[in-house]
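Comments concern the structure below.
The values are calculated or read from the model by the stated rules, or taken from the named source; none is laboratory data. Treat the numbers as computed from the prediction; the structure is a model and nothing was measured. Neighbour counts run over all protein chains shown; Cβ positions are idealised from the backbone, glycine included.
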Amino acid sequence: MALIRTVTGDIDARDLGICYAHEHLLITGGMFPRHDKDFLLDDSAHAVEDLHAFTALGGSSVADLMPCGLGRDPEGLRSISERAGVSIIAATGFHTERWYDTQHWLYHYSAGQIAGLFREEIEVGMDQWGYRGPLLNRTRVRAGVIKVATGYYTWSKNTEKWFEAAALAHLATGAPIASHTEDGVLGDRQADTLLKHGVSADSIIIGHIDKNADPYVHRDLAARGVFLEYDGPSRLKYGPDSDVVKLIAAATEHGYGDQILLGMDLARRSYYPSYGGGPGLGYLLGVFAPRLEAEGLGDMVQRIFVDNPARAFALAQTADPL
């Protein structure tokens, strides 16, 4: 039986239901809202309210991909999960280098040490303060996915070490790895690096890749066996919804429809109705999924929202190398 680790415990992958593959329900502080206050998502009641639009349309689960130390709130996610009746997969891991001061432990610990910290968040419990220390507040909430990230065509020695750490943590725990690509670039290098370190292709999710709406790039990535996560629908500043429709049509035509995931990546107040913004979490199911039906891609809806996430977020068997 394949298991998925959520903030309230492990569940059978068959019970994941309709899943959004990349969201941000809470960002309670840290560098993101310091950079732009629109990133401050600090009200759990608002998150529960916004999730009602999702559950009203049949939504069951979301992956919250805020990594440790950047405003992530494990206990807040657990509370939201219980109050909204939604399964939440929480993340350990890291974002791009720009969000960390040079004194941050990510720069100074070895790959093995970093992997050990990620592993403890997956197997024991997430630190409420994201390892910002010096004391730990180890919660009972466990992470179910490892976040990795790269900047725009930026790959440093630190990036190489951090990806190795993520791979080591995956090999020890089986937790899948989900990435941030900046404007959809370097997805190939992300995938190749993780594969080189022994991560199975079906445990790799390449994120935001629809921001590079080149079907050839997507076919090339899909040939590696990895999952491709799209989250552009509704956010016109990155391109029209038609771009993603075309990419999904190409996936169907070229035989990698089983590797496509969808999310919204709503990480700003201005995206959420409860904070006075939009479009809100109901958009994918209420607007975009019907469009897929209208465009002759209705058979992809079940695969993208239910079948594919159940495989992508499942814990893999491990050899426990750490």
Next item on the list: Give G130, G151 a once-over and let me know the one that is touching a Lys or Arg at 6+ places or on another chain (Cβ under 9 Å), surrounded by fewer than 20 Cβ atoms within 10 Å (Cβ to Cβ) and closer than 21 Å to M31 by Cα.
Entry: G151
Next item on the list: Kindly list the number of the only condition in (1) part of a helix (DSSP H, G or I); (2) more than 16 Å from the chain's Cα centre (by Cα); (3) of a type in the set (A, V, I, L, M, F, W, C) that fails for A213.
Entry: (1)
Notebook entry, point to check: Tally time: how many residues in the range 11-46 are in contact with a strand residue (DSSP E or B) (Cβ under 8 Å, 6 or more places away or on another chain), over 25 Å from V301 (Cα atoms) and modelled with pLDDT of 95 or more?
Noted result: 7
Notebook entry, point to check: For G198, all conditions in the list (1) within 26 Å of L25 (Cβ to Cβ); (2) part of a loop (DSSP other than H, G, I, E, B); (3) of a type outside the set (K, R) hold save one; what is the number of the exception?
Noted result: (1)
Notebook entry, point to check: Within the range 201-216, is there a residue that is charged (D, E, K, R) and within 25 Å of R142 (Cα to Cα)?
Noted result: yes
Notebook entry, point to check: Taking the range 259-278 as the search range and keeping residues that are touching a strand residue (DSSP E or B) at 6+ places or on another chain (Cβ under 9 Å) and in a helix (DSSP H, G or I), which one is surrounded by the most Cβ atoms within 10 Å (Cβ to Cβ)?
Noted result: Q259
Notebook entry, point to check: Could you say which residue among L285, L281, L247 is on the phi < 0 side of the Ramachandran plot, crowded, with 19+ Cβ neighbours inside 10 Å and not in a helix (DSSP H, G or I)?
Noted result: L281
Next item on the list: Run down G112, G93, G125 and say which single residue is farther than 14 Å from N158 by Cα and not acidic (D, E).
Entry: G125
Margin query: With the condition being without any contact (Cβ under 8 Å) to a residue 24 or more places away in the chain, I'd like the helices (runs of 4 or more DSSP H) fully within the range 1-116 carrying at least 2 qualifying residues.
Written below: 31-35
Check: Checking I122 against (1) more than 19 Å from the chain's Cα centre (by Cα); (2) under 26 Å from S81 (Cα atoms); (3) part of a helix (DSSP H, G or I), which test does it fail?
Finding: (1)
